Every structure is written in structure tokens, then in C-alpha cells.
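As C-alpha cells, the structure follows; a few thoughts come after it.
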Amino acid sequence: MLEPAVKQQLYHSNYRKGYSDDVDVLRDLEYPSLKETTYLDHAATTPYAKSLIETFSRDLTGNLFGNPHSASLSSQLTTRRIEDIRLRMLQFFNADPEAFDLVFVANATAGIKLVADALRDFDGSGFCYAYHVDSHTSLVGVRELAENGKKCLLSDAEVDRWIADLEQDSPDEKASTRLFAYPAQSNMTGRRLPLRWCKEIREATDSGGHQRTFTLLDVASLVSTSPFDLSDASAAPDFTVLSFYKIFGFPDLGALIVRKGAGDIFQRRRYFGGGTVDMVVTHGDQWHAKKESSVHDKLEDGTLPFHNIIALDSALQTHYRLYGSMANISAHTGLLADELFKQLSSKVHWNGRKVCHIFTSSASGCRDPLNYGPIITFNLQDSQGGWVGKSEVEKMAAVRNIQIRSGTLCNPGGMTAQLGLCDDEMKRNFAAGQRCGDENDIIDGKPTGALRVSLGAMTNMRDIEVFLAFIDEFYVEKAPELDILRVPMQVPDPNFYVESLCVYPIKSCGSFKVASGQRWEIRREGFAWDREWCLIHQGTGVALNQKRYPRMALIQPYIDLNRGVLRITLPDHSGSDPQSLEVSLAKEDPDLVAAEICRSSKKTSTVCGDLVTVQVYSSPSVSAFFSDFLNVPCTLARFPPQTSTRYSKPRRPFVRKTKHTGNDMPGAFPERPMSSPERQNPILLSNESPVLLISRSSVNRLNETIKANSKNGGRISRAVAADVFRANIVVAENTSNGSSLPNIVEQPYAEDSWMSLCIGPERLQFDVLGHCQRCQMVCIDQLTGTRSEEPFSTLAKHRRVDGKVVFGRHICLSADERSDDNFSEPKTIMVGDTVIPSWDGRV
Ligand SMILES: *Cc1c(COP(=O)(O)O)cnc(C)c1O
């Protein structure tokens, strides 16, 4: 929290100076979408004001806008408005229309690509490309078009040297085409780069008016919260690119501002389209005459996004009305960012270690507010100096409804430099499977990315306070933490037993509880029928999960072994009978419902990054069943296991000899196990491990912690049910057990130190594979499909190991239990089976 004195001071300085009203009032009136949330991702896009949309809506409904390039009144209206707006946007940047032209493009990237394409075609001999290491990915990509060489300049000093070298160039070198590109402000660190380079480069390479070295300035990040001034055309970049949605929130549109003196490079652009030619001859002579009138006429192929351009009118108007000027926004956001930086950099753990490692350009970690935009990128460290995984923080932030961004933030050069990664490490990480947007947060002890918070015009004091309090609550260690992995006291003769068994026939949907008294088959791959099916998005082919579609929890599967069907039931909302659907358990069974719906087509589906071939139920009624309920186009699919032979043989009925129990065979695989030659741990759809085990005592302890926290002034939180953890096996302790020993106490988290266990009368041997890493999916109430904060909030505070939040153990039937021959007894488990764990040094 900010000190009241600090707050007072802030209020009296640049805070909201020049705004039409107090920021909190503006927020209430103009940004209803920000009401419940702490939005700190303005560098990606800032939200639009309500009046912008209302003004635009009135403009659209009050006018008839025709397609431009025609004589009709409606067309003329559109043309006139576009020309107006083009001028006004130039004025927004103090650009003289005599010296500059503005080309509407889809976004900053499209502007960059137009320049790169033009230079490639310019004089037939290609171009050389140099770019600053802080460049956005979209600038880096230009290098692939530069046939005459490319160079990444690794520091400002290197740019200065490069410019100095230009002056020494031979006339030949001066005559070759070159492009230098850089961002006016890094979208990653917020650092502002020198604007003087454009002028210096022009002066260094001027050879009597024949310009061959061009400058491309990416102002996309800078202009979102700052003024940008092109009034001195001689010092201006040749090409300037930006995206309007980053300034106004809407429309989705960008601009390329061309200094007319450099407009020649577009002369040889090869492509033409409707809009960019005056005449085209198609019979015989393949001739055309390009438009010569202006740069934008030559470049705006096809119909302009004219409604979007017209929206800029409303955007500008609203922006001026609410904020007065970009300078006001710059002062306001700069002030908040400076305070945020100060507060974050002063956060320390109980032992004095810093909590936030913030990216700045100086080794001292200083940040001159004048040289930075309102962007702060950092990684967190625990009290022992270990890195906290960025996606862990992002998950926790999501639970708290705080919106930040993590990853490499589209800034490959800047990020590598900040993280101290070398190219070889990057390639190694890639080979090891790291991809943009994944959860490989830390590889070889080094972070692979970072967290970014970025502010915008309507960010208020409260946003900053909420974020600081969040860091404080979850990531600042106030006292030495007891190592949660310390081997807990183990009672000599624990009385663990299987309290419940669940399988999840459809990934991410409801559970099927194995009835007590029923034995259920288990193999190396996991329990029979567990995650055998999934729902896939019909557009992307990706398996759906509860994180995105919490209502999946309400889809209730039931395995009816007698009838050989999987029955899927939806909750009854309409008062009519609950809807249900049946599919055959047999892979191919023409007699069952599946015959109608199981005309499956092969399709690839992504489950956790791996491509898996699935059988899709292509019947419209199946997809409608799920799509209507979840409100997303999806359908049911079945995953053949990686041991592809598993279902290839006809089903052979079991005759189970009732050796240990009086129960008949049960939840069985549809056929006998095949021998699997490999000894490694088989992993199916369940994607982390074959079987997940949790302990009732640990759930109880966790609930006590949740309650204690909420008593200590935390938020009011209810206890959570064990089923949010979606375990296959819940073990519990028999604390009375008829034993004469009084007071056998529960051993919460005892399972953390288990190395292996055996279950049941046959003492089936299981290996413990590791901790189960948790995400915010545990916050979805499995009965109602609604989200809350717990238990993730409490887990994140009390159950973090190596920067990861863990609860429960992944286990797997030991390789020694593999049945090599097809006639051996199936392995089974049932509720009530004894569980005998072994841990370090004890068997
Ligand atoms: C956002 C951004 C871009 C890319 O903008 P698009 O709208 O995605 O084309 C490029 N450079 C910088 C510095 C940015 O911040």
C-alpha cells in the first residue's frame, strides 16, 4: 500500500493533470469493462472509452458511407472523411502534410512489411539491414528480406559507432541501399531510445540528394502514452510505423508515415491492386499505369478499412475531450510508473534479499523516469534467490483478476540480453521444447522470460496499490518459511487406505466415481477408461479444458459396463429431463449408438503441445450436444492410447477368479493388456502422469489454513471440496482403527515424501513420479462450475516448491507389475484397499 503522505504528494503533482475529471470518475463513466479488474497490459492494448464507441455508433447510424473511389454521394462522403482524418492524424504527430504522407495499414507490422517489401524491390540489387537489439519481433523479421546483409546492433553505443562508420564509407558503399530500424521505446523495458539517430544517419550518408540509407522508426510503443513530434522534417525518420488501437483502444488500424523525400522507394513496388492503379490493360499487352498522385494512393491496395478509419474521428475527439493531450497522459502514467518502480524495487524478503529483479538498461538498476515509458518488466525471486516461475505469477494474478503479460514479450533481442542468455542457450531451450507462450519458465536455473506490467491513460492509484499488495501478499516472504518438503513426521504404522477412486473418462469433464465394492482395473498407463475421451474445438482441433470452459465440470460421464456404454449427462436446467448421450465403449460396435455417431475421421489434436491422432465423432447430434451446452463449436473425440495395439484386438471377456474379494470383474480395459516393451513411464491423455493421488488429511489441513487465513483478515473463503483436485485416488487415514493406541493423529502432506507405495491385498507396487503442479483450474467448483480464489490463493502461499505450486503426487504402477503375458490377471484396486507408503530409507 502507498503511504498516505506519498499519495497526497502524488495527487498534487501530475496525477491526472489536465484530464477532464478525476481518473476514478473517468473510470466509472467511461470504462465499465475495467470495473472488476486490475488491467495492467496497456502496452498490448489499452481499453477504449465508452463515449468513443457511442460517438462512433452515432456516426455510423447517422450517415451512409459508401465504398470510396466513386462519384456517388455516399462514396464521396467516405472519401472526404478519409482525407480529413488522414490530415488530422498527421497533425496529431505535428507532421506537415507537405513533407509527410500517411498510409493506412492494418497495424504497425503491416507498415514495416510494406517498407521491407519495397526496399527489396527498390533497385533490383537488394538492401542491407541493421536493427537495434531492443527491436520488436516485427522489426527483426525484416532481416529475412535483406539480401545484402543484416546486423543486429547490440547497444546504443554500437549504433553510434555504426553511424560514425557510415561517414567513412566509400562512394560505392554510400550508393548501396540500406535500412536502419529501431523502436522509439522498447515494448519490453519501456526504455526510450535516442531519436537523434535518424538525423545523424541522414547527414552521414547524404551524397548530393540521392538518399540510399533509410531509417524506419517503430513508435508503436512510444505513442501509446506519449506525444511524438515530427515537426522537424529534416530530423524525422523516413518511415514511422504505429498502431492506433494502442493509443485509443479502437479502431484496430495502423499507419505508416512516410517522409515524402523517401517516397521513391515505393516506385518499383511490383504488386498493384484495385485502388493503386490508374489503368490496367489485360488483353495482349500486359500493361498498367500506377497511381502517381501520392504515396498513399500508391500503397493502399484494395478497399480501405473505411469504417475503421472513420472511427478514428470519434477516437481523436473522445481522447482530447477526456485527456486533453498526450502530454497529460505521459505525465500521469510516468508518475504512476515511477512510483510503482520505486515500490517494487524496494521490496525485500525477511533476510533482506530483493524480491523483484527489474529490467533496466543500467547495471545499477536505476531508471531515469524521463527515459522510460510506463512499462515495467521483471522477474521475482524468493528469499533464497531462486526464481519464481513467470507463469506461476501469471496464474495467481489471473485468480486475483489482475491482468499482466508474461513471456519473451515479442522482444527477442532485448529479452535475451536482459536474461543473459546466449544464442546457444536459446537454441538449446528451443530443442528442449520451449515455445512462445508455454510454461517452461526456468531452464537450467535461468528464467526464459519475464513479467510485464504496463500502464495507460486511465490507470489509477488503486491499480498500482492492488498490484503492489498482490506482490506483497504472495511473493514477499515475511519470515523464514518452513521447508514444505522437509520429511514430515511419519507415524511408524500409518493406516492409509483408499477412500475413493475416480476416473475422468472425458478430459476436463466431471468424474466417474467407482462404486465401493467394485474393483477397477489399472495398468501402467493408468485406470481403465481414464481420459479416454476429450472434447475438441472444431475450429482449432485443440482439446478443451476447464480453465477456459468451467462448465465442462458439469458434464457428467457414467461408465455402464453392463451395457457397454459411456453415458454422458448434462445438468438439468430447463426443468425437462436431463439430457443424455450414449457412446459405445467398444471401439467399433455397429449395434450400439456409436454406430450412428461413430463415423470417425482422423484428425490431429493438440494435447499439451503433442500432436495426437484422435477419432472424432462426426455426428452433428454429438457435436450439438456438447456445443450447445458449452457454447463453443466442439465435438467428442476418442484418443487411442500411444500403445496403439491397445484397442485393436476384439474384446475378450474376463473371467475373474475371485481370489481376494467377492466381487466380479469390474471396470476393465476393453481387452487384455498388451505387453509394452518400453520400461519408461507411459503417459496418455492425462498428460502428466497415469494416476494422481491426494490425501484427505492434506485437504483437511489445507482447509484449516484457508480458514485461518480468512480469520486473519484475509478474504472470506469457504473450505474447498477434495474433488477440485481431480485426483484418481484419495487416500485417507484410519485414525481409530480399533487400535488400543489413542490419538493417532493425521499426517497432512506425509505423501510429499513418499517414494513408492503398495496398494491392496496383492500389494500392487506403485512408483511416485513427482509432485503435481497446480494451476487456477483447482478454483473451479466441480459441482457448480463457478470460479473462486481458493484453494489456489492459499496453495500459492503455502505450497510452493521450486517456484511451482504443488499439491498431490503423480504415481504410476511400477514397471515390475507389468503383465507380459496376455493371460495374466488384470491388476485392480478398490475403495477400502490398504495403502502402505514407503519413504526415504524405509520400506
Ligand atoms: C505492439 C508493437 C508492435 C506491433 O504492433 P502490431 O499492432 O502488432 O503490428 C511493434 N513494435 C512495438 C514497439 C510495439 O509495441
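Figures for the structure shown
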read-out	value
Accessible area of Glu746 in the full protein assembly, 1.4 Å probe (Å², nearest 10)	80 Å²
Most to least accessible of Met415, Met777, Met426 (protein chains only, probe 1.4 Å)	Met426, Met777, Met415
At most 14 other Cβ within 10 Å, DSSP loop - trypsin sites (Lys or Arg not before Pro), segment 400-450	Arg435
Segment Asp816-Asn700, extension gain: residue separation times 0.36 nm, minus the distance between their alpha carbons	38.4 nm
Segment 63-320: relative contact order in percent, alpha carbon pairs under 8 Å with at least 6 residues between	23 percent
Unsatisfied cross-links (Cα-Cα over 27 Å) in the set Lys7/Lys711; Lys113/Lys290; Lys395/Lys827	Lys7/Lys711; Lys395/Lys827
Per residue value of the accessible surface for segment 63-320 (all protein chains in place, 1.4 Å probe), Å²	41 Å²
Viscosity 1.567 mPa s, temperature 4 °C, Stokes-Einstein D of segment 144-236 from Kirkwood C-alpha radius, µm²/s	90 µm²/s
Geometric extent, Cα atoms of segment 1-103 - Rg, Dmax (angstrom)	19.9, 64
Solvent-accessible area of Leu335 with every protein chain in place, 1.4 Å probe, in Å² to the nearest 10	30 Å²
Largest-first ordering by accessible area, 1.4 Å probe, given options Ser618, Ser406	Ser618, Ser406
Fully extended contour minus Cα-Cα distance, from Trp287 to Thr137, at 0.36 nm per residue	50.2 nm
DSSP-defined beta bridges in segment 63-320 - what % are antiparallel, rounded to 5	50 percent
Segment 334-475 - accessible surface per residue (Å², probe 1.4 Å)	39 Å²
Accessible surface of Phe248 - all protein chains present, 1.4 Å probe, nearest 10 Å²	10 Å²
Accessible surface of segment 336-430 [probe 1.4 Å, protein heavy atoms]: carbon and sulfur percent	52 percent
Accessible area (Å², per residue) of segment 1-40, counting only protein heavy atoms and a probe of 1.4 Å	62 Å²
Relative contact order of segment 334-475, pairs being alpha-carbon contacts under 8 Å that are 6 or more residues apart, as %	28 percent
Debye intensity ratio in log₁₀ form over the Cα atoms of segment 334-475, taken at each q of 0.09, 0.14, 0.17 Å⁻¹	-0.27, -0.67, -0.99
Cα-based convex hull volume of segment 1-46 per residue, rounded to whole Å³	115 Å³
When segment 63-320 is reduced to its Cα atoms, the Kirkwood hydrodynamic radius in Å	19.1 Å
Carbon/sulfur fraction of accessible area - segment 63-320, other protein chains in place, 1.4 Å, %	51 percent
Cα convex hull volume per residue for segment 180-295 (Å³)	142 Å³
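The values are calculated or read from the model by the stated rules, or taken from the named source; none is laboratory data. It should be emphasised that the depicted structure is a prediction, and the values quoted were computed from it without experimental measurement. Note that each Cβ is placed from the backbone with ideal geometry, even for glycine, and that neighbours are counted across all protein chains shown. Ligands, DNA and RNA are excluded from the accessible area calculation, which covers all protein heavy atoms including side chains. Shrake-Rupley method; radii C 1.70, N 1.55, O 1.52, S 1.80 Å.
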